[in-house]
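Taken together, the values in this text are just the output of simple stated rules run on the coordinates, not laboratory data. Remember, it's a predicted structure, so these values are computed and weren't measured experimentally. For neighbour counting, all protein chains shown are included, and Cβ atoms are generated from backbone atoms with ideal geometry for every residue, glycine included.
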Amino acid sequence: MSREAILILDFGGQYNQLIARRVRECSVYCEVKPYTMSLAEIRAFDPMGIIFTGGPNSVYDEKAPHVDPAVFDLGVPVLGICYGCQLMAQALGGSVTAAQDDSAREYGKTETFYNTACPLFQGLPEAGISWMSHGDYMEKVPAGFSLTAHSAACPNVAIADEKRGFYGVQFHPEVNHTDHGVDMIRNFLYKVCGAKGTWTMGDYKKTAIAQIREKVGDGKVLLALSGGVDSSVCAALLAEAVGEQLTCVFVDHGLMRKDEGDEVEAAFGKWAMHFVRVNAEDRFLIKLAGVTEPEHKRKIIGEEFIRVFEEEAKKIGAVDFLAQGTIYPDVIESGTGDAAVIKSHHNVGGLPDYVDFKEIIEPLRLLFKDEVRQLGRELGLPEYLVSRQPFPGPGLAIRIIGDITKEKADTLREADAIFRAEIASAGEDRNINQYFAVLTNTRSVGVMGDGRTYDYTLALRAVTTSDFMTADWARIPYDVLDRVSTRIVNEVQGINRIVYDITSKPPATVEWE
Ligand code: XMP
């Protein structure tokens, strides 16, 4: 792969991962790094262009994050977005102040006018909506820069020094609200930085396989396969690269969705690797008996998972490499502090202490979720695995409110399968990012035939979201909800009432526990 890489320096803005995703959508490789990256590190990274992200600070604040001004002497083009634009303006001799009156402060959708002779805006309409979010104002534009976009309130929405390849925009081209935002980013990459667009999943697959083969040699690799998208694609990539040297341990904790365990097993039949499926339902259910507290459930499952995996690993003996399906969003180090932990997510982290291995390999470490899915398709994994919606590590345990029994898990599995099937057959799965059923611990009176029932209430949950940090409840058509409800109460024993969860996140979370 030729070195065609963009460096994104993170100043703590909320859309930073989105910038990276947009760059990669343009088939250009990029990485997000904290703004504290040293000049030497930047040189070593050898970017063909640098993007400064937005951020919550004001550049004139004492504690505002800065960048070594020598970065402007590297001869590398720079695109500054929002805070990044102001930072560049200030560093190069301009000045930035708090907007004096409300009219110069801009938030939200703003009609913006572009000079389409500027490389950033070439080929785009002369006017359009841009997404603004700034309270500061570039009072003085640095020498060498010209103004290339304006709005009614602000004469310098975008600045450019074409000679040096420096561009700044006050708005956020990375968000969908900005018309042609991705085209502006593409212009920066292709017209300004000279990118060719070599980042494709087909190329990535070949390179990754070669790199894995070189690293692993004739060593043994062990992977904990959960059946989720990341670990499945990781398994397929490794299987393709090292075949029989790979052992995947798939721990079925009995809290999977209907048929999921068999589907996962079937998907890997075509590779000559070792596939170990451990049916550990009884163990997990015994440990979980009577436990009602969500975090306690998570902890028990996380620990039991490690125990089971450890036992299997012992049978296999020492391995050279422990593989993990870590993906890029887990790796990106933010330019600012960490967010509060609302739920302790159980993934297969923490395994290294328990297993005898020499080194960890994480072949998906630099990929975003949608890229992981693309790679899965390249590797010939079935679509039902590749486009699988997120499923929490603790599985149905956190979708059964209160204590967990096999009967409840079976009931929920059946109801959940009906809900998912109806959503898919109505074509609603294209609009909804995650949907599932929750078995509440509320029972209520109903009437079926001539008899009274006293059964469980099932809740349906469906959300639309781009990042799962915030989510809206999905507007499922009533007739679809009606079919789901009718089928479930008729076909699944033990449920006599269905409710639909109409809370967004925040204040609710996606899962109920
Ligand atoms: P919440 O419920 O926090 O969920 O709004 C956000 C996303 O994360 C998934 N989720 C989990 N994933 N282990 C996981 O691997 C967990 O313990 C866990 N809890 C929630 C959830 O399904 C949603 O996609």
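Taking one quarter of the surface of the convex hull spanned by the alpha-carbon atoms of the chain gives a direction-averaged projected area of 26.6 nm².
Measuring nothing but how far apart in sequence close Cα pairs (under 8 Å, 6+ apart) lie, relative to its length, region 381-467 scores a relative contact order of 26 percent. Scaled against the 2.2 N^0.38 Å expected of a compact globular protein of N residues, the Cα radius of gyration of region 1-130 reads 1.11. For region 90-241, the C-alpha radius of gyration sits at 1.50 times the compact-globule guess of 2.2 N^0.38 Å, with N the residue count. When the listed pairs 258/406; 33/191; 258/297 are checked against a 22 Å cut-off, the alpha-carbon distance exceeds it for 33/191.
Projecting label points 7 angstrom from Cα along Cα→Cβ for residue 454 and residue 39 puts them 7.8 nm apart.
Only Cα sites of region 348-441 enter the Debye sum here, all with the same form factor; the resulting log10 I(q)/I(0) across q = 0.15 1/Å is -0.85, listed in q order.
With each label modelled as a point 7 angstrom along the Cα→C-beta vector, the residue 491-residue 406 pair spans 2.4 nm. For the chain, hydrophobic long helices are taken as DSSP H runs at least 18 Å long by C-alpha position along their axis with mean Kyte-Doolittle hydropathy of 0.5 or more; these are 229-242.
When each of the peptides 216-229, 498-511, 481-494 is scored by the mean number of other C-beta atoms lying within 10 Å of its residues, the order from highest to lowest reads 216-229, 481-494, 498-511.
The alpha-carbon of residue 109 sits under 18 angstrom from the alpha-carbons of these aspartates and glutamates, leaving out residues fewer than 8 places away in its chain: 126, 136, 174, 179, 183.
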